[in-house]
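Participant: This is the structure I want to talk about, given as structure tokens.
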Amino acid sequence: MFVRGGAVLGVLLLAAGGVGAWMYQSLDGNIHSADIDDKLGGDRPANMSPGSKNILVVGSDSRDGDNGKYGKGLTTMQSDTLMVMHVAANRKWATVVSLPRDSWVGIPTCDRGDGTRSTPHHFKINEAFALGGTSGEVEGAAACTIRTVEQNTGLRIDHFMSIDFQGFKGMVNALDGIEVCPETAIHDKKAHLDLEAGCQTVRDEKALGYVRTRYSVGDGSDLGRIGRQQEFMEALAAKAQKKLTSPAALFGFLDSATRSLTTDKELAGLKPLSGLASELKGIPSDRLTFLTVPNYAREADVPTDKANVVWQYPQAADLFASLAADKEVDKKSLEARSKNPVYAATIRVRVLNGTGEKGQASKVAEALRMAGYTIIGTGNAPSDTPTTAVTFPQGLDQQAKALASRVPGARATEDSAAAPGSVTLTVGDNFDGTR
């Protein structure tokens, strides 16, 4: 849940305000540490902006213990929210990008933690947490999720945080509930929620149900739920600033949060979290941007898939490239450029092999086909082609840019001699996969 990620940020900011020595030791011991370094492997994105930080925040949907009532049929660890917070090197701005759980992406090979490894495939992005956490260990779940996010965004993840259901409820209860104002009544058996229309204060199970509800509200999409969670997060943060003025109230809030918090080893403790929070406190509110990666319903590319979304290119690639280079993102501009997506299925692609490696064109074509593109043929280019390139005829510049953004290192160039109606991807010696 996005709001749980936001609550983690709230914990950081509150911790930075200073806690008394009487509560420090107790809170510090609550935080769980996950040693993930040896599970990530060496094939990772380069750090393009030293000094900046990319923090992956996961809302853990574990069904262990008290959480079992929310889905006892699930036997694996689950992630209900996924977002990346980029903190600029100069600490003057930050951007938080939500990655919808229904995002259809490439899942890399991961260590399941039971002595086996998965094979690369495409599926919902939140499967990575369950896949890596097959044995029930958060280290594996976090590592597979990080590998998946890095492969699909090109961002190098520096830190990891996870918080579960029970911690969220405790934080809301410590604030005596949060006011919500649903426009229509909500009756959702899956979320254990019954709410009448109108403003009311929710806490405990109702608060959790409100941020979990999906199918019984609006269009039933994960994107609609993200919007509600963002609103809830803002209300939670505002109330926390007003209410947490006494040591007892602050302790109750932080105790619930830290008991459900798991981080990488470097962040595991109040001291490193407070250090990060001190950096975040200096960021003006108008320079803290929350957004969702540009996307569209996968149904546009695969008519039978009515459940998932795919990221919109080149807008998604531009977003992640900006963050990798530590460049602030203009949310309004990004949203304006994302209003008219170029669907992958409408892009007709011919793939040529310029590497000399037998079968390379077919491999790349299949990867693009899995991503929704329409492949019209494969062939060979001169075997000494050094760089991967996308060429296109007049009028297909948007389609070519969308394709090139899925192939790291590729550039789109207009070719007056190109056949009309399609673009050509020539795979060169520098080819390093597709996103």
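Participant: So which residues in the range 358-372 are of a type outside the set (Lys, Arg) and without any contact (Cβ under 8 Å) to a residue 60 or more places away in the chain?
Facilitator: The answer is Gly359, Ser362, Ala365, Glu366.
Participant: State the number of residues belonging to the range 388-400 that are out of contact with any helix residue (DSSP H, G or I) (no Cβ under 9 Å at 6 or more places or on another chain) and part of a helix (DSSP H, G or I).
Facilitator: 3
Participant: Output the number of residues of the range 176-211 satisfying the condition of being closer than 30 Å to Ser246 by Cβ and touching a residue at least 24 places away in the same chain (Cβ under 8 Å).
Facilitator: Residues meeting the conditions: 14.
Participant: Wholly within the range 86-157, which strands (runs of 3 or more DSSP E) include no fewer than the required count, namely at least 2 residues that are among the β-branched types (Val, Ile, Thr)?
Facilitator: By residue number, 94-98, 104-107.
Participant: Of the conditions (1) touching a helix residue (DSSP H, G or I) at 6+ places or on another chain (Cβ under 9 Å); (2) surrounded by fewer than 19 Cβ atoms within 10 Å (Cβ to Cβ), His187 satisfies every one except a single condition; which number is it?
Facilitator: (1)
Participant: When you scan the range 181-196, do you find a residue that is within 30 Å of Arg91 (Cβ to Cβ) and of a type outside the set (Ser, Thr, Tyr), even just one?
Facilitator: no
Participant: Let me ask something else. Would you mind stating whether Val310 is in contact with a Leu (Cβ under 8 Å, 6 or more places away or on another chain) and closer than 30 Å to Asn430 by Cα?
Facilitator: no
Participant: Anything in the range 344-362 that is part of a loop (DSSP other than H, G, I, E, B) and crowded, with 19+ Cβ neighbours inside 10 Å? List them, or say none.
Facilitator: Result: Ile347, Gly354, Thr355.
Participant: Moving on. Filtering the range 363-382 down to residues that are assigned to a loop (DSSP other than H, G, I, E, B) and not hydrophobic (A, V, I, L, M, F, W, C), which residue is farthest from Phe431 (Cα to Cα)?
Facilitator: By that ranking, first place goes to Gly372.
Participant: Filter the range 155-173 for residues that are of a type outside the set (Val, Ile, Thr) and either buried (at least 23 other Cβ atoms within 10 Å of the Cβ) or modelled with pLDDT of 90 or more (or both) and give the result.
Facilitator: If the condition is that a residue be of a type outside the set (Val, Ile, Thr) and either buried (at least 23 other Cβ atoms within 10 Å of the Cβ) or modelled with pLDDT of 90 or more (or both), then Leu155, Arg156, Asp158, His159, Phe160, Met161, Ser162, Asp164, Phe165, Gly167, Phe168, Met171 are the ones that fit.
Every residue, every condition in (1) farther than 21 Å from Thr184 by Cα; (2) touching a Leu at 6+ places or on another chain (Cβ under 7 Å); (3) hydrophobic (A, V, I, L, M, F, W, C), yes or no:
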position	(1), (2), (3)
Gly224	no, no, no
Arg228	no, no, no
Thr245	yes, no, no
Phe253	yes, yes, yes
Ala257	yes, no, yes
Thr263	yes, no, no
Leu267	yes, yes, yes
Ser274	yes, no, no
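Participant: Can you spot a residue in the range 38-53 that is in contact with a strand residue (DSSP E or B) (Cβ under 8 Å, 6 or more places away or on another chain), at pLDDT 90 or above, in a strand (DSSP E or B) and not hydroxyl-bearing (Ser, Thr, Tyr)?
Facilitator: yes
Participant: From the list Leu425, Leu403, which one is surrounded by 15 or more Cβ atoms within 10 Å (Cβ to Cβ), touching a residue at least 40 places away in the same chain (Cβ under 8 Å), under 26 Å from the mean Cα position of the chain (by Cα) and closer than 29 Å to Glu299 by Cβ?
Facilitator: Leu403
Participant: Something else about it: Working carefully through the options Ala300, Ala324, Ala365, Ala317, find the one that is in the same structural domain as Gly154 (by TED's automatic domain parsing), surrounded by 14 or more Cβ atoms within 10 Å (Cβ to Cβ) and more than 27 Å from Arg225 (Cα to Cα).
Facilitator: Ala324
Participant: Output the helices (runs of 4 or more DSSP H) that fall wholly within the range 214-295 and possess 2 or more residues being touching a Phe, Trp or Tyr at 6+ places or on another chain (Cβ under 6 Å), or say none.
Facilitator: In the range 214-295, 222-243 are the helices (runs of 4 or more DSSP H) which contain 2 or more residues that are touching a Phe, Trp or Tyr at 6+ places or on another chain (Cβ under 6 Å).
Participant: Now for a separate question. Pick out the one residue from Thr424, Thr385 that is among the hydroxyl-bearing types (Ser, Thr, Tyr) and either in a helix (DSSP H, G or I) or modelled with pLDDT under 95 (or both).
Facilitator: The unique qualifying residue is Thr385.
Participant: Asp384 - would you say it is acidic (Asp, Glu) and on the phi > 0 side of the Ramachandran plot?
Facilitator: No; evaluated as a whole, the condition is false for this residue.
Participant: Still on this model: Of the numbered conditions (1) surrounded by 15 or more Cβ atoms within 10 Å (Cβ to Cβ); (2) of a type outside the set (A, V, I, L, M); (3) modelled with pLDDT under 85, Lys271 fails exactly one; give the number of that condition.
Facilitator: For Lys271, the exception is condition (1).
Participant: Shifting gears a bit: Looking at this structure, is Lys206 within 22 Å of Asn30 (Cα to Cα) and buried (at least 17 other Cβ atoms within 10 Å of the Cβ)?
Facilitator: No: the conditions fail for Lys206.
The values are calculated or read from the model by the stated rules, or taken from the named source; none is laboratory data. Model, not experiment: these values are computed from the prediction. Here Cβ is always computed from backbone atoms with ideal geometry, including for glycine, and neighbour counts include all displayed protein chains.
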